[in-house]
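Peer 1: I have a structure here, written as structure tokens, and I will follow up with some questions on it.
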Amino acid sequence: MSGTEKTGTQKTGTQKTGTHTSGAHGTGITGNAIGRAADTIRLAARVAALSLHRPRRPDRRWDAFWRGVSQGSLTEAIIWDAAPGDGNEEVRHHLQTMAGTMDTGLPVIDLGCGNGAITRRLTEIFPTVLGVDVSPGAVAAAQSAHPGIPGLSFRSLDATRPAAAAALAREPGDANVFVRGVFHVLDRRRQARLAGSIEVLLGARGRVYLVETNVPGGALSYLRGLGATGGQIPGPLRQAISALPKPGHFGAGQRARVFPADRWTLIAEGSTVLRTVPMEPGGPPGSIPAYWAVLAPRPQASGT
């Protein structure tokens, strides 16, 4: 009986020790979770405050942003402007993929060209390059930054308007299309319209190369990946939040919805990263997980 009592006491002691260890471990995990949740709340509040005064219409947001850049009221670096030098691996990936999957004897149209930093690089493999942006301010900035380059021109046009795209398509004939980081900031209706415009611009021989951010999770995951916390948001990122549409993600699933298989042939696809400007002075470029694809329109029966 006495031995049994001792054994019971020893077992009870062992249970207490295990319980104590588990409790300490659980408390650490709980504390980390609470801290992260609190930081998420602070970050969401900061983002909401920064977003209060941006225009509601996407086209006005873009033009207000580029006016602010040109007039000097927006002084931070433009976040998606990766260093466009010859050694930039992101731009090199785009050029190599397009050279291997497109008829480079055709012209190319860069939809959403911004200030033309990557548009200019497209002249390395295409005979003529047209940069198109919904913002007249962006086009003015691109023209000012890249004057006198043979085969390179810029134009303000809303490519989500079918009539505007149809009018443009009558000028160069069949063309390739390049899109970087546009679909992920559009709602579904505008995504469908842009895809329809691209189909018209390609004609019978053109192909589209698209590359879009594809960050797992929501917008806060995107921001955290670029160094944002509840206590601090890097300057270039803070500027983008205050002026531009909320970022999203666009991967294989979204591509299949916007470019359905009955109308489009998938030529190639894969994962890559988009390079941003450094989030802090002197720091390394930022990296955003991304998705790329090359597609061609399927021939449609008359009347389809």
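Peer 1: Against the condition surrounded by fewer than 21 Cβ atoms within 10 Å (Cβ to Cβ) and either touching a residue at least 12 places away in the same chain (Cβ under 8 Å) or hydroxyl-bearing (Ser, Thr, Tyr) (or both), how does residue 160 come out, does it pass?
Peer 2: It is false that residue 160 is surrounded by fewer than 21 Cβ atoms within 10 Å (Cβ to Cβ) and either touching a residue at least 12 places away in the same chain (Cβ under 8 Å) or hydroxyl-bearing (Ser, Thr, Tyr) (or both).
Peer 1: Which one of these does residue 66 not meet: (1) touching a strand residue (DSSP E or B) at 6+ places or on another chain (Cβ under 7 Å); (2) open to solvent by less than 30 Å² (accessible area, probe 1.4 Å); (3) at pLDDT below 85?
Peer 2: That leaves (1) as the condition not met.
Peer 1: Taking into account only those residues within region 199-243 that are charged (D, E, K, R) and part of a helix (DSSP H, G or I), which is least open to solvent (accessible area, probe 1.4 Å)?
Peer 2: If we take residues in region 199-243 being charged (D, E, K, R) and part of a helix (DSSP H, G or I), then 199 is least open to solvent (accessible area, probe 1.4 Å).
Peer 1: Going by the conditions given, is residue 252 touching a Lys or Arg at 6+ places or on another chain (Cβ under 6 Å) and not β-branched (Val, Ile, Thr)?
Peer 2: For residue 252, the condition - touching a Lys or Arg at 6+ places or on another chain (Cβ under 6 Å) and not β-branched (Val, Ile, Thr) - is not met.
Peer 1: Can we say residue 137 is more than 22 Å from residue 296 (Cβ to Cβ) and either polar (S, T, N, Q) or out of contact with any helix residue (DSSP H, G or I) (no Cβ under 8 Å at 6 or more places or on another chain) (or both)?
Peer 2: no
Peer 1: Cβ-Cβ under 6 Å, sequence separation 6+ or interchain: first residue in region 98-109 and without any contact (Cβ under 8 Å) to a residue 12 or more places away in the chain, partner crowded, with 16+ Cβ neighbours inside 10 Å and among the aliphatic types (A, V, I, L, M). Which pairs?
Peer 2: Matching pairs, first to second residue: none at all.
Peer 1: Residue by residue through region 134-183, note down the ones that are within 13 Å of residue 119 (Cα to Cα) and more than 26 Å from the chain's Cα centre (by Cα).
Peer 2: Scanning region 134-183 gives 147, 149, 150, 151.
Condition check ((1) in a loop (DSSP other than H, G, I, E, B); (2) not aromatic (Phe, Trp, Tyr)) across all residues:
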{"residue": "77", "(1), (2)": "yes, yes"}
{"residue": "81", "(1), (2)": "yes, yes"}
{"residue": "92", "(1), (2)": "no, yes"}
{"residue": "115", "(1), (2)": "yes, yes"}
{"residue": "119", "(1), (2)": "no, yes"}
{"residue": "126", "(1), (2)": "yes, no"}
{"residue": "141", "(1), (2)": "no, yes"}
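Peer 1: Testing residue 196 on (1) modelled with pLDDT of 95 or more; (2) open to solvent by 40 Å² or more (accessible area, probe 1.4 Å); (3) more than 27 Å from residue 89 (Cα to Cα), one condition comes back false. Which one is that?
Peer 2: Just one mismatch for residue 196, condition (2).
Peer 1: Please enumerate the residues belonging to region 86-134 that are farther than 20 Å from residue 174 by Cβ and among the acidic types (Asp, Glu).
Peer 2: Selection gives 86, 89, 90, 124, 133.
Peer 1: Can you tell me which residue within region 250-276, out of those that are touching a strand residue (DSSP E or B) at 6+ places or on another chain (Cβ under 6 Å) and assigned to a loop (DSSP other than H, G, I, E, B), is surrounded by the most Cβ atoms within 10 Å (Cβ to Cβ)?
Peer 2: Taking the candidates together, the pick is 250.
Every residue, every condition in (1) β-branched (Val, Ile, Thr); (2) modelled with pLDDT under 95, yes or no:
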| residue | (1), (2) |
| --- | --- |
| 151 | no, no |
| 165 | no, yes |
| 170 | no, yes |
| 177 | yes, no |
| 184 | no, yes |
| 192 | no, no |
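Peer 1: A follow-up question, please. Can you pull out every residue in region 170-191 that is more than 17 Å from residue 259 (Cα to Cα) and surrounded by 20 or more Cβ atoms within 10 Å (Cβ to Cβ)?
Peer 2: Result: 175, single match.
Peer 1: If a residue has to be open to solvent by less than 70 Å² (accessible area, probe 1.4 Å), outside any helix (DSSP H, G or I) and either at pLDDT 70 or above or under 16 Å from residue 237 (Cα atoms) (or both) to count, how many in region 43-63 make the cut?
Peer 2: Count: 2.
Peer 1: Let me ask another. Assess whether residue 36 counts as being closer than 18 Å to residue 223 by Cα, charged (D, E, K, R), at pLDDT 50 or above and assigned to a helix (DSSP H, G or I).
Peer 2: Yes.
Peer 1: Need pairs with beta-carbon distance below 6 Å; first residue touching a residue at least 12 places away in the same chain (Cβ under 8 Å) and more than 11 Å from residue 69 (Cβ to Cβ) and within region 132-152, second aliphatic (A, V, I, L, M) and part of a helix (DSSP H, G or I); sequence gap 6+ or separate chains.
Peer 2: Within 6 Å, the pairs are 133/139.
Peer 1: What single numbered condition from (1) in contact (Cβ under 8 Å) with a residue 12 or more places away in the chain; (2) within 22 Å of residue 194 (Cα to Cα) fails to hold for residue 123?
Peer 2: (2)
The values are calculated or read from the model by the stated rules, or taken from the named source; none is laboratory data. Everything numeric here is computed off the predicted structure, so don't read it as measured data. Virtual Cβ from ideal backbone geometry, glycine too; neighbours counted across all protein chains shown. For the accessible areas, the whole protein counts, side chains as well, though only heavy atoms, and no ligand, DNA or RNA atoms are used. Shrake-Rupley method; radii C 1.70, N 1.55, O 1.52, S 1.80 Å.
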